[in-house]
1. Of the residues that sit in segment 7-28 and are under 14 Å from the mean Cα position of the chain (by Cα) and surrounded by fewer than 22 Cβ atoms within 10 Å (Cβ to Cβ), which one is nearest to the ligand (Cβ to nearest atom)?
2. Which residues, taken from segment 41-51, are surrounded by fewer than 20 Cβ atoms within 10 Å (Cβ to Cβ) and in contact (Cβ under 8 Å) with a residue 60 or more places away in the chain?
3. Taking interchain pairs and intrachain pairs at least six residues apart, which have beta carbon atoms under 9 angstrom, with the first residue in segment 89-109 and more than 30 Å from PHE53 (Cβ to Cβ) and the second part of a strand (DSSP E or B)?
4. Can you give me the ranges of the helices (runs of 4 or more DSSP H) entirely in segment 305-381 with at least 2 residues that are closer than 16 Å to TYR255 by Cα and either modelled with pLDDT of 95 or more or not β-branched (Val, Ile, Thr) (or both)?
5. Output the residues belonging to segment 269-312 that are over 20 Å from the mean Cα position of the chain (by Cα) and among the basic types (Lys, Arg).
6. Return the pair list, or none, for Cβ contacts closer than 6 Å from residues in segment 111-130 that are in contact (Cβ under 8 Å) with a residue 12 or more places away in the chain and of a type in the set (Ser, Thr, Tyr) to residues that are away from the ligand (no atom under 13 Å from the Cβ) and not in a loop (DSSP other than H, G, I, E, B), at least 6 apart or on different chains.
7. When you look at THR169, is it β-branched (Val, Ile, Thr), surrounded by fewer than 20 Cβ atoms within 10 Å (Cβ to Cβ) and under 30 Å from ARG54 (Cβ atoms), yes or no?
8. Suppose we filter LEU217, LEU185, LEU193, LEU148 for residues that are touching a Lys or Arg at 6+ places or on another chain (Cβ under 9 Å), touching a residue at least 24 places away in the same chain (Cβ under 8 Å) and aliphatic (A, V, I, L, M); which single one remains?
Amino acid sequence: MARGVYIHIPFCHQICNYCDFNKFYFKNQPVDEYIEALGKEMALVTKKYPEHFRNIETIFLGGGTPTALSPEQLDKLLTYIHAYIPMSSVKEFTSEANPDELSAAKLQVLFDGGVNRLSMGVQSFDQGLLQKIGRTHSNEHVYETIALAKQHGFHNISIDLMYGLPGQTMAQWLDSLEKAFALDLPHFSAYSLIVEPKTIFYNQYAKGKLHLPTEDLEADMYDVLMQEMSLHGLQQYEISNFAKPGFHSEHNKIYWDNDEYAGFGAGAHGYLAGIRYSNHGPLKKYMDAVFAEELPIVHEHEVTQAEKREEQMFLGLRKTEGVMHSIYEEKFNEPMNAQYEQVIEKLESEGLLEHDERGIRLTRKGRFVGNEVFQQFLLED
Ligand code: SF4
């Protein structure tokens with residue numbers, strides 16, 4: 001049973017140097033046709049799996065940039081969502097947004113269409129760093145847009161920040177954090193830069209032209225991030241996410257709970273009826289399939305029981321609350337220790353995991369090396 005819906009809008013008015021998402025430069029793209037295709041895909045999938053859409057709790061418009069669309073295009077998209085996704089159980093409806101694209105007209109359309117949470121890609125408050133990473137907005141855009149969003153009734157607003165950026169100093173990171181806290185928002189996500197293949201930064205890195213902070217400095221930035229968030233009353237509820245009470249991202253929690261969700265759009269991923277799938281990334285392939293009344297799936301995989309256990313651990317340990325014994329036992333009909341007793345003991349002895357009667361979780365030390373911890377939970381076939 002799906003708990004969430006993800007909808008991918010793969011258009012951007014700018015291409016950021018670090019981005020490896022499925023996205024296309026907006027100009028000259030068949031955007032209206034793409035929105036038609038999304039409506040068609042929602043119709044096909046909800047007809048095929050009606051029972052999976054009875055209790056949708058969250059919807060997330062991501063990208064790309066949903067706010068690259070015009071107000072009319074956003075309105076059309078929202079009309080399709082309301083036509084095909086049962087909304088009565090939806091409690092959180094998020095749209096990603098770029099600070100320099102969110103006009104009053106777009107905010108009004110989003111609000112009227114039921115969107116009740118905004119997630120804005122701010123990344124940094126340092127103009128030089130913003131230019132280096134390929135962002136086009138200024139701090140004024142951020143301040144004006146957040147004020148405008150609040151005027152339009154949006155109070156659940158999150159911003160994304162990045163650290164470990166090329167040439168970034170600790171002073172610049174602290175300054176960005178200070179400016180972020182001054183906005184008095186209920187939610188922040190903060191990610192370290194990862195240089196992914198097929199990005200502009202990857203090419204620069206390969207040529208020795210990308211000068212990143214040392215690993216030690218990046219770890220210190222993460223340390224400072226956790227301290228500062230805590231000092232400002234924001235609880236760390238996941239490795240990269242911080243919120244005031246009552247403002248956790250419900251949609252992302254579905255991923256970390258290893259529960260099912262539907263993904264719509266070019267390059268979108270989903271997990272439905274025990275199958276993880278991904279859609280065609282190229283627009284033409286995606287749209288051709290949908291308009292031929294076919295699901296636009298390029299890859300699908302029925303998740304094995306071993307993979308489900310592994311994912312329950314990797315994803316669950318991202319959360320500060322960790323993996324609960326009761327939920328694990330309910331899903332797998334056996335205690336966590338049946339598969340993982342030795343690895344849990346080992347990681348506890350290294351100070352990377354801790355446990356109580358409710359479950360297991362990363363220690364503060366473990367959060368710095370999360371990926372290394374997660375790998376330990378791979379099961380042999
Ligand atoms: S980071 Fe966001 S805005 Fe930048 S190119 Fe990627 S999807 Fe577009």
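1. Here is the first cut: in segment 7-28, the ones under 14 Å from the mean Cα position of the chain (by Cα) are 7-9, 19-22.
So of that shortlist, the ones also surrounded by fewer than 22 Cβ atoms within 10 Å (Cβ to Cβ) come out as 19-22.
On the way: CYS19: 3, ASP20: 8, PHE21: 5, ASN22: 9 Å.
Looking at the filtered set, the residue picked out is CYS19.
2. LEU44, LYS48, TYR49
3. PRO99/MET120; PRO99/GLY121; PRO99/VAL122; PRO99/ILE159
4. Numbers: elements: 305-316, 325-332, 337-349, 364-368, 370-375.
Hits in segment 305-381: 305-316, 325-332.
5. Selection gives LYS284, LYS285, LYS308, ARG309.
6. Within 6 Å, the pairs are SER119/THR94; SER119/SER158; SER124/SER176.
7. Working: β-branched (Val, Ile, Thr): yes; surrounded by fewer than 20 Cβ atoms within 10 Å (Cβ to Cβ): yes; under 30 Å from ARG54 (Cβ atoms): no.
Here the answer is no, as THR169 does not meet what is asked.
8. Details: LEU217 fails: touching a Lys or Arg at 6+ places or on another chain (Cβ under 9 Å); LEU193 fails: touching a Lys or Arg at 6+ places or on another chain (Cβ under 9 Å); LEU148 fails: touching a Lys or Arg at 6+ places or on another chain (Cβ under 9 Å).
Being touching a Lys or Arg at 6+ places or on another chain (Cβ under 9 Å), touching a residue at least 24 places away in the same chain (Cβ under 8 Å) and aliphatic (A, V, I, L, M) holds for just one of LEU217, LEU185, LEU193, LEU148, which is LEU185.
The values are calculated or read from the model by the stated rules, or taken from the named source; none is laboratory data. Predicted model only: the values in this text are computed from it and were never measured. Cβ: placed from backbone, ideal geometry, glycine included. Neighbour counts: every protein chain shown.
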